[in-house]
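J.: Input: one structure, supplied below.
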Amino acid sequence: MIKIYGDIASGNCLKVKWTADALRIPYQWIAIDVLAGDTHTPDYVSRFPFAQVPGLELADGRCLAQSNALIRYLARDTPWLPADPFQQAQIDQWLFWEQYSHEPYIAVCRFVMRYLGKHANERDPQKVERGERALQTMERHLSQRAYFAADTFTIADIALLAYTRVAHEGGFDLSPHAALRAWITRCETHLHNQGVTL
Ligand SMILES: N[C@@H](CCC(=O)N[C@@H](CS)C(=O)NCC(=O)O)C(=O)O
């Protein structure tokens, strides 16, 4: 059986958990406490060189890191990652964008407020501005479509849902973004129907 190393408070880890749960992939969850420094032990770093969660260990001991690489691996040969190369590239463009232009702002502002206990005013203004810009990009895209990279739900939606649905915990107001809010509900319903507990 595969092992997923994760911290349940982390959206990056939840992406992997939701994917495995929805696709009925059996796994053992190894709880890692990021704030306690569990990702920096020699044993953990020997498996996962970036010293971060999530991590995936296959039954034969091979290890893989980076949330979007993990969901891409788990969703292979399923409708969540269609075989068509161009469709895969369309999914990939959102996976890369999520890690470079969304997660570093939306997730980091949430971390600062929820885990460091800071007030919204204490967030880095540049991160706030970039986070707002990311939400606007999503709203613009979703005003024409139901899902990010295809007519149906794919791993691009999983990757973007994890932190967007809790963006308010980082001080972001989703009320002006009607298409984005409708997409969140659509994705949550879809995952719920697949048996995922969010
Ligand atoms: N690009 C990585 C980011 C992973 C990441 O930032 N993980 C955080 C928790 S959400 C972590 O492990 N932080 C601990 C640390 O950096 O020491 C991914 O997508 O997996």
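J.: Residues being within 10 Å of the ligand (Cβ to nearest atom) and either part of a loop (DSSP other than H, G, I, E, B) or under 18 Å from L161 (Cα atoms) (or both): count how many of those fall in the stretch 52-78.
T.: The number of residues fulfilling the criteria is 9.
J.: Does the stretch 128-139 include one or more residues that are outside any helix (DSSP H, G or I), loosely packed, with under 14 Cβ neighbours inside 10 Å and more than 17 Å from the chain's Cα centre (by Cα)?
T.: No, the stretch 128-139 contains no residue that is outside any helix (DSSP H, G or I), loosely packed, with under 14 Cβ neighbours inside 10 Å and more than 17 Å from the chain's Cα centre (by Cα).
J.: May I ask you to list pairs of residues, at least six apart or on different chains, whose Cβ atoms are under 8 Å apart, with the first in the stretch 93-115 being under 12 Å from A134 (Cβ atoms) and touching a residue at least 60 places away in the same chain (Cβ under 8 Å) and the second being among the aromatic types (F, W, Y) and within 11 Å of the ligand (Cβ to nearest atom)?
T.: H102/Y163; E103/Y163; I106/Y163; A107/Y163
J.: Also, I was wondering about something else. Could you check the stretch 5-28 and list, in sequence order, the residues that are among the hydrophobic types (A, V, I, L, M, F, W, C) and either out of contact with any helix residue (DSSP H, G or I) (no Cβ under 7 Å at 6 or more places or on another chain) or part of a helix (DSSP H, G or I) (or both)?
T.: Answer for the stretch 5-28, where residues must be among the hydrophobic types (A, V, I, L, M, F, W, C) and either out of contact with any helix residue (DSSP H, G or I) (no Cβ under 7 Å at 6 or more places or on another chain) or part of a helix (DSSP H, G or I) (or both): I8, A9, C13, L14, V16, W18, A20, A22.
Each row is one residue, and each column tells you yes or no for (1) near the ligand (Cβ under 9 Å from one of its atoms); (2) out of contact with any Phe, Trp or Tyr (no Cβ under 6 Å at 6 or more places or on another chain).
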residue	(1), (2)
A9	yes, yes
C13	yes, yes
T19	no, yes
I30	no, no
H40	yes, yes
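J.: For the stretch 80-102, name all the residues that are within 15 Å of A159 (Cα to Cα) and part of a loop (DSSP other than H, G, I, E, B).
T.: W80, L81, listed by residue number.
Any read-out appearing in this document is the output of simple, stated calculations on the displayed coordinates, not a laboratory observation. Treat the numbers as computed from the prediction; the structure is a model and nothing was measured. Note that each Cβ is placed from the backbone with ideal geometry, even for glycine, and that neighbours are counted across all protein chains shown.
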